[in-house]
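What follows is one structure encoded as structure tokens, with my remarks underneath.
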Amino acid sequence: MSSISSTESYQLRGAASTTVRSPWYSAELLTASVSHPLVLFAEKQAIIGKSVSVVLRWTSDYDFLPVCSLQIEYSSGHSIHRINFKMDSTSSYLISGLQFSHEYFVRITQQPNEQISDEHSTNEILLKTSSCHEIATNLTQCEPAPIEKVEWIDLFANTILLSWTYHIGDNDYDYYSHFVIAVRPLYSIVYEHCQLLRTQYHIAPKNIRSMIISIPDHLCTYEVQINVVDYENRTSAAVAIQTLAKSVSEESQTSSKTKYVFMIVTLFSVICAVWIVIRCLKKNSTFISAKSFKRSLNEFTSSQLQNTTKTLRTRQWLRRQSSVVTD
């Protein structure tokens, strides 16, 4: 009896109530909502382990999302990753294992989507992950950042003053250990012996920002490369300069121009000196000739006077003798 009463009671309730259809399971609403792509955006980036994790969030034009099966696809270059999951109330998903300072194309797809085209069921965004130092709470989580700027000054033959700028971790001396400087000769068609030179390595303490470096041959072209190394022996990206080749070229051009100007000035000086010497010689020769003539003239005049004096004396003596004889 109890079971019959229960059955009758159930049947009465079913007959008394009206048919109710939930809009969640409405085929029309389901198709219409899926036809509108979800709006996808990256909400937050964080470091988990040694990679970047990104929280993806999405919204819809509808107040509800009737489809719970979703797929997130992200790609970089030729690498494509797909993740199928069931949506929860947070309307978000955490993607892990992304690289720092990298670009990914990310899109979200509602499943199943057989009734609609792919272009209406997905929304693609370009996700740019931050560098480790931009989102790190502790600098030791990241590899050392590369140096910011490299400069050099030519001091004298085969010697340069190399200087660099590095402000990251200035107040945290546990962040990095030292700098490694490599001076590598490059191949030159003009100077083939340069390729036989060895690469020089120099170690600079973390509180040093400049160093005097000797290069084997100033005619060769060199590449100077600087790396930052931390206490875990992690190395930063290398920063290199090859302006030494330009410097040598400019130095050669400047030297050639200087030599050319020096030759012209020297030649002009020699010509002027020769001209002055010739003038002096001519002047001295004329002066010497006039002086000799004057001396000769004086000597001739003196001799003539002496002869005349002798002649007069002789005549006077003859006159005296003749007067004595007459007396």
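Being assigned to a strand (DSSP E or B) and more than 19 Å from the chain's Cα centre (by Cα) is the filter; apply it to segment 195-212 and report the residue that is farthest from Y166 (Cα to Cα). Ranking the candidates gives Q200 first.
For segment 210-224, the criterion of a residue being over 18 Å from A238 (Cβ atoms) and among the β-branched types (V, I, T) is satisfied by at least one position. Selection of strands (runs of 3 or more DSSP E) fully inside segment 90-194 by the criterion of at least 1 residues being within 28 Å of H218 (Cα to Cα), acidic (D, E) and modelled with pLDDT of 85 or more returns 149-156.
The values are calculated or read from the model by the stated rules, or taken from the named source; none is laboratory data. These numbers come from a predicted model, not from an experiment. Reconstructed Cβ throughout: ideal geometry from the backbone, glycine too, with neighbour counts over all protein chains shown.
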